[in-house]
C-alpha cells in the first residue's frame, strides 16, 4: 500500500528477549514490563451518524457488485444463453446449469445440493429470470450460517488470526483494528509474526492510523511470548479486544501448525477461556484450495470464523457459497479492496443479490 513508509529503527527496538513459553508462565509474566507496548499519542473520535452509515453500506454493496462482476457475468450471461429458445427447465438444461455452477468454483458438493433444490422447483421455472430468482434464494439459504456466541463474559476478547502466506492477513488485522476502534472499543494488536519485520512495520503503521495500542518484541522473538504479553497488557489497561497476528504458514506443515497451538496455549495461560475467536484469512482467488485450507486449519485449530479477502475482480466468487455450505464455520468478514472500509461483515443476502442481480 502506498502509505506504508519505512519506519525508524527505533520503532523496531525491543528489550524483550525470547524465552520458551512451555512450563515457564511465571518467567513470561515477569517479562511484560520489558515488552514494547506502544500507545498512540492521540485518538481521533469522529463517530459516524446513521446517514453516513447508510451511505457507507450502499458504497460497499456497489463495490461488492463490481468485485463479483466476473463471476456474475459468467453465471447470469450463461443462464440467459442457456434458456434462450426454451420454455421449461428440463433434465438437459439442469445438466448444463450444473456445469456452469461448478465453473464458478462452488464445488461439486454444493453444486449438487443446489441442483437438487432447483429441480424440486423446476415446475415453476419457465425462463432465465425465474431461475436466477430461485438460485439467489437458495444460495442465500446455503450461506446463512449464524455465528456462534463467542463473546467473553470478561474483557479482553482475544482474537487469533491465522492463514497461509500471501492472503492479506496483516492488512486484514489492521482493518479489523480500525473497525473495532471506530465502534468505540479499546484495541491492542499483538505483533506475533516476529519472523517478518515488514509485518511488524505494517501493523505499527496500522495501529497509529487506527489509534490503537500495539505490543511487539524484537525480530525473531518467541511468538507465544508476544501473544502472552499482548493479553497481559490488554488486561492491565482494561482494553476490550486483543487481535493477535501470526506468521503465515502452510496448512500442510505439521511443525508450523504446532507453533500456532503453542501460541494458543500461551494465551490461555494468561486468560483461561482465551482465545475466544480464531479467524482464518483465506484468499478468494485460490478457489477450491481455500476450502481445503479451511478444512485443515479447522481440524488443527478449531476455527470460529472465516475472513475472505481479494474478492474484487475474481471469477471464483462461487467459492464463498461452497465454503459456507461445506464447513460448519461462519464467514464473518469479506474484503473487496485495499481501503479501510473495504472489509465488511458478511451479509449472505447482500452477497447473493450482488451475484445474481
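When only alpha-carbon atoms count, how far does region 51-143 stretch along each of its three principal axes, as whole angstroms with the largest first?
48, 28, 22
State the volume of the convex hull built on the alpha-carbon positions of region 138-292, expressed per residue in Å³ and rounded to an integer.
126 Å³
Given the alpha-carbon gyration tensor of region 74-121, what are the semi-axes of its equivalent ellipsoid in whole angstrom, ordered largest first, with each equal to the square root of 5 times an eigenvalue?
Rounded to whole Å, the semi-axes are 17, 14, 7.
Across bins of 10 angstrom width beginning at 0, how are the C-alpha pair distances of region 222-357 distributed, in whole percent?
11, 38, 33, 16, 3
Only the coordinates and a few stated rules stand behind these numbers; no lab work does. Keep in mind that this is a model prediction, so the values were computed, not measured.
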